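The values are calculated or read from the model by the stated rules, or taken from the named source; none is laboratory data. The structure displayed is predicted, hence computed values, not measured ones. FYI the Cβ positions are ideal-geometry reconstructions off the backbone, even for glycines, and counts take in every protein chain you see. Surface areas here come from the heavy atoms of the whole protein model, side chains and all, with no ligands, DNA or RNA. Shrake-Rupley method; radii C 1.70, N 1.55, O 1.52, S 1.80 Å.
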Amino acid sequence: MKKIIVVNQPETWKLHLENIEIVSSRKYLTDPAFSQLKKARIFNLCKDYSYQSKGYYVSLLAEARGHLAIPTVKNLVDLGDSKLVRIVSEEFDDLIQHSLKNIKSQEFVLSIYFGQNVAVKYRDLSAMFFRHFQIPFLRVHFNYTNRWNIKSIRAISESEIPKEHKESMHYFAEQYFAKKRYDTPRQNNFEYDLAILVQPGDLAPPSNPKAIKKFTEIAEKLGFYTEILGPKDLSRLSAFDALFIRQSTEVNNEAYAFTRKAQQEGLAIIDYPDAILKCCNKVFMAEALRNAGIPTPETVIVHKHNREKALETTGLPVVLKSPDSTFSFGVKKAETAEAYHELVNEMLKSSELVIAQRFSPSEYDWRIGVLDGKAFYACRYYMAKDHWQIYNWAAEDKEDQDGNADCLPIEKVPPLILKNAIKAAKLMGPGLYGIDIKEVEGKAMVIEINDNPNIDVGVEDAYYGDQVYIAILTALKNRLENK
């Protein structure tokens with residue numbers, strides 16, 4: 001397996017390692033040779049891992065390309081989540097207190113290089129943080145009140161490493177790269193406890209109140225004691241056996257923190273953290289669909305070095321998508337080259353990469369519900385009144401914000417639509433997905449893979465009724481019983 005270290009400026013790196021290539025983040029992100037490369041391990045040592053930075057995209061696209069990345073996107077998001085940092089602090093409190101018991105000051109900084117510290121006495125503590133976050137260069141700040149607490153954890157760049165630590169860091173790097181492996185009581189008449197996460201006031205909730213009521217009623221018939229949790233109830237999650245996400249999912253909101261903690265504690269989940277990370281980023285989606293040979297409208301991943309040429313591929317009009325856009329938020333259409341340049345320049349201010357896609361007009365979009373690799377409902381979503389999308393958030397009349405929909409049996413879905421939907425869902429792993437597909441000139445082109453698709457009374461259940469709810473809840477029950 002080819003080993004590649006990705007950094008911002010390769011010329012500043014003095015590591016001399018056999019059989020490992022050092023390349024720039026720009027080259028890895030934009031050179032087609034890396035997109036086509038199979039079986040590679042990527043060591044991401046970029047100076048910045050913040051959301052939508054180059055470092056973030058190196059790990060994201062590595063996963064889309066089938067490369068093994070260290071750190072993974074999951075690791076990067078975990079690092080920035082204060083809730084998860086608090087969980088680590090609580091879980092390893094004994095080790096923290098024991099390791100730092102002889103320090104006399106009120107503050108302490110632990111620098112970790114490839115899982116090690118220059119002081120051997122902090123070896124176990126350093127290794128613990130590295131195992132959990134998998135970030136090559138970490139800096140942990142502790143403060144002391146009546147006990148030691150984690151004040152902050154952040155990734156640092158090579159330039160932030162003190163000169164007196166550089167020799168040790170290089171030694172740790174050589175060792176590392178030489179490796180071959182790198183409180184709610186259950187009622188007696190229920191088998192399991194199920195938490196359904198719902199956010200009050202959600203602008204685009206994935207289930208309407210009637211659907212939430214339906215989930216609750218059917219879950220209890222299937223043996224689940226069920227409670228609706230809100231975003232502030234993370235501390236209560238440990239009391240449950242299963243978690244069903246029914247609030248809008250984003251990398252930086254509570255849904256991810258809930259599903260990540262649920263995964264750590266062994267709960268059955270719909271949906272998994274990986275699904276949120278992958279589906280919430282259009283860049284990952286575009287790369288993964290392209291690599292799998294799944295038809296999509298002509299698509300270009302736009303960055304500041306190719307923005308002038310993107311229209312040669314997509315033509316006009318062109319649809320521009322922010323990487324983390326959902327429910328048509330952050331999706332714009334440019335009719336002219338001038339409008340394209342204005343929109344893309346604005347979007348590139350907040351993200352290193354933006355999606356440009358050929359505009360493919362259609363009367364409706366197919367939505368195929370896929371659960372653990374099997375299609376279980378099918379809808380057609382029609383465009384909003386006098387609009388080019390199924391959602392028009394700018395509509396003055398709320399009733400005109402979305403178009404009509406109809407639902408039909410799976411066997412009535414054109415075979416190519418069904419085939420591409422299931423194939424696309426498999427890219428994201430097991431879970432609940434809504435695959436949006438446009439049927440244009442005989443082609444079934446995948447537009448979106450949604451990790452948290454709508455299940456609303458009167459829409460997605462219009463043909464199969466309660467069977468839609470039963471299928472999802474049975475999948476959760478099977479996860480528990482197959483542990």
### Message
Taking amide H atoms as placed 1.01 Å from N in the peptide plane, list the residues 5 or more away in sequence, or in a different chain, whose amide H sits under 5 Å from that of Asn8.
### Response
Ser25, Lys47
### Task
Per residue of segment 235-250, in order, report the coupling 6.51 cos²θ - 1.76 cosθ + 1.60 (Karplus, θ = phi - 60°) as ³J(HN,Hα) in whole Hz, putting x for Gly and Pro.
5, 8, 4, 4, 7, 10, 9, 8, 10, 10, 7, 10, 10, 4, 9, 9
### Query
With every protein chain present, what accessible area does Asp93 have (1.4 Å probe, heavy atoms only), rounded to the nearest 10 Å²?
30
### Message
If the only charges are +1 at each Lys and Arg Cβ and -1 at each Asp and Glu Cβ, what is the size of the charge dipole of segment 344-482 around the Cα centre, to the nearest 20 debye?
### Response
740
### Summary
Counting every C-alpha pair in segment 244-301, the percent lying more than 12 Å apart is 67
### Task
Once you have the Kirkwood Rh of segment 398-483 from its Cα pairs, apply Stokes-Einstein at 4 °C and 1.567 mPa s and quote D in µm²/s.
88
### Query
Of the cross-linked pairs Lys166/Lys321; Lys3/Lys163; Lys2/Lys151, which ones have a Cα-Cα span greater than 31 Å in the structure shown?
Lys166/Lys321; Lys2/Lys151
### Task
Go through segment 476-483 residue by residue and turn each phi into a ³J(HN,Hα) via Karplus (6.51, -1.76, 1.60, θ = phi - 60°); whole Hz please, and just put x for glycine and proline.
5, 5, 5, 4, 5, 7, 9, 4
### Pairwise centroid distance, computed over Cα atoms, of segment 242-260 with segment 41-120, Å
21
### Query
Per-residue HN-Hα couplings for segment 99-109, Karplus 6.51 cos²θ - 1.76 cosθ + 1.60 at θ = phi - 60°, whole Hz, x for Gly and Pro?
5, 9, 5, 8, 7, 8, 7, 8, 10, 8, 10
### Query
If you put +1 on each Lys and Arg Cβ and -1 on each Asp and Glu Cβ, how big is the dipole of segment 278-327 around its Cα centre, in Debye rounded to 20?
120
#### Entry: Carbon plus sulfur fraction of accessible area for the chain, probe 1.4 Å, in percent
48
### Task
Calculate how many DSSP beta bridges within segment 1-136 are antiparallel, expressed in % of all such bridges and rounded to the nearest 5.
5
### Query
Mean shadow of segment 218-352, computed from the convex hull of its alpha carbons, in nm²?
10.8
### Query
When every alpha-carbon pair in segment 28-74 is counted, what percent end up more than 16 Å apart?
27
#### Entry: Nonlocal amide H pairs with Ile269, under 5 Å, H built at 1.01 Å
Leu243
## Note on the structure
For segment 382-430 the translational diffusion coefficient, Stokes-Einstein from a Kirkwood Rh over Cα pairs at 20 °C and viscosity 1.002 mPa s, in µm²/s, is roughly 164
### Query
Rounded to two decimals, what ratio of Rg to Rh does the chain give with C-alpha atoms and a Kirkwood Rh?
0.99
#### Entry: Using a Förster distance of 51 Å, the FRET efficiency for Val120-Lys27 (Cβ separation, nearest 0.05)
0.85
### Compactness index (Cα Rg / 2.2 N^0.38 Å), segment 1-147
1.17
### Message
How large is the accessible surface of Ser35 in square angstrom, using a 1.4 angstrom probe and rounding to the nearest 10?
### Response
10
